[in-house]
1. Picking from A86, A58, A76, which residue would you name as being within 23 Å of R11 (Cβ to Cβ), touching a Leu at 6+ places or on another chain (Cβ under 8 Å), modelled with pLDDT under 95 and among the small types (G, A, S)?
2. Give me the pairs: first residue in the range 109-126 and closer than 10 Å to W83 by Cβ and assigned to a helix (DSSP H, G or I), second residue among the polar types (S, T, N, Q) and modelled with pLDDT of 85 or more, beta-carbon distance under 7 Å, and six or more apart or on different chains, which are they?
3. Being out of contact with any Ser or Thr (no Cβ under 9 Å at 6 or more places or on another chain), buried (at least 16 other Cβ atoms within 10 Å of the Cβ), small (G, A, S) and part of a loop (DSSP other than H, G, I, E, B) is the filter here, so list the residues in the range 20-72 that pass it.
4. Return the residue satisfying two criteria in turn: it lies in the range 89-111 and is of a type in the set (V, I, T) and at pLDDT 65 or above, and of such residues it is surrounded by the fewest Cβ atoms within 10 Å (Cβ to Cβ).
5. Filter the range 112-126 down to residues that are modelled with pLDDT under 90 and of a type in the set (A, V, I, L, M) and give me whichever is nearest to F28 (Cα to Cα).
Amino acid sequence: MGIEVKLINGRTVAQGSNLENKLSEEYFNAAAICELNGSDMEKLGVAVDEHVKVKTNAGEVVVKAKKDGGNPEGVAFMPMGPWANAVVSGNTHGAGMPQFKGMDAEIEKTGEAVLPVKELLQGYMK
């Protein structure tokens, strides 16, 4: 069983400093994550670095859970990148920019693997 959250995407220092090497382990560790409040992690029964599936109306993706005490309960954060793009709609609603903030999302614990960037992007091509 999952939890309902508001999902926010944005840039981070770790994600941004690895933009030139998106196939690196450092980029994977910086961008294939979802930061959650500790209470939300408890509700999910998930520990740091366990896998969660993030679902929105636009898609779903598996990433590693990370704890962020600065996130309010019910708010999840994913760094910009291919994993976050998997759950962001391309519809700009006439604004020219997709909705990266405040998306309705469901997060659940999963045993599925977090895909490396090459495999994730191959899935986009289908």
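1. Matching residue, one of A86, A58, A76: A86.
2. none
3. Of everything in the range 20-72, just one residue is out of contact with any Ser or Thr (no Cβ under 9 Å at 6 or more places or on another chain), buried (at least 16 other Cβ atoms within 10 Å of the Cβ), small (G, A, S) and part of a loop (DSSP other than H, G, I, E, B), namely A32.
4. Only one residue tops the list, namely T110.
5. V117
The values are calculated or read from the model by the stated rules, or taken from the named source; none is laboratory data. The model shown is predicted, which means the values in this text are computed figures rather than measured ones. Note that each Cβ is placed from the backbone with ideal geometry, even for glycine, and that neighbours are counted across all protein chains shown.
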